[in-house]
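Here is the structure we will look at, set down as structure tokens.
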Amino acid sequence: MPTVKMVISGAVNAGKSEFIKTISEIEVVSTERKATDETSLIKKETTVAMDFGRIAIADDLILHLFGTPGQKRFDFMWEILSEGMLGLIIMVDSTRPDTFRETIRIIDFFNSYRETPYVVAANKQDMENAWSPEEIRLALRLPKAIKVIPCTARDKQQVKNVLLELLYSVLAAAEE
């Protein structure tokens, strides 16, 4: 049965781990550790290596989901985890515009490393102060061809929608 490697990346607290936990059919392999730097002001634990989850999309297609750490000091893992990926999801905390500059840096890293289809998941859309997907597109200076999908990482259907949009982007890129 073919497996497809997808990477989920984004700034600290964007929702990468929650996204994978929401959809994975297996218990997520996680490397959460106590946050010891400025991240501890935002959350108690942080990913230090990766999160790994798995979901069968069809009888003949399995997605392996690899979540990257969000802290800059662990960005050496991005290259390691992106080896062999077919698609990329960039998670954005729609309520924290102060993380958008870091998100741009992450997108630039992955785009410079390899040309991989990607979508942006505008997470935390259920919160009152969330920026809209179109506002996020403008702030991140994304071309219209890049899909910015509204998302709440705790909502299984919305997570599925993001994954399906990424799969459509991967298939479209393969046809080019």
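FYI, it's all coordinate maths here, none of it is from the lab. Quick caveat, the model's predicted, so the values are computed rather than measured. So basically every Cβ, Gly included, is an ideal-geometry build from the backbone, and we count neighbours across all protein chains shown.
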Cβ-based exposure ranking for 51, 155, in which fewest neighbours within 10 Å come first: 155, 51
Members of 21/144; 16/124; 5/124 lying beyond 20 Å, as alpha-carbon distances in this model show: 21/144; 5/124
Estimated distance in nm for a label pair at residue 127 and residue 141, the labels positioned 7 Å out from Cα along Cα-to-Cβ: 2.5
Computed lengthening from residue 3 to residue 168, 0.36 nm per intervening residue step minus Cα-Cα distance: 57.8 nm
Sum of side-chain charges, residue 65 neighbourhood, beta-carbon under 11 Å (Lys, Arg +1; Asp, Glu -1): +2
Residue-wise HN-Hα coupling along the stretch 53-59, computed from phi with Karplus coefficients 6.51, -1.76, 1.60 (Hz; x: Gly, Pro): x, 9, 8, 8, 7, 8, 4
Aspartates and glutamates with Cα under 14 Å of residue 147, excluding same-chain neighbours fewer than 8 positions away: 134, 135, 165
Vicinal HN-Hα couplings computed from phi for the stretch 127-136 (Karplus, 6.51 cos²θ - 1.76 cosθ + 1.60; Hz; Gly/Pro x): 8, 4, 9, 6, 6, 6, x, 5, 5, 5
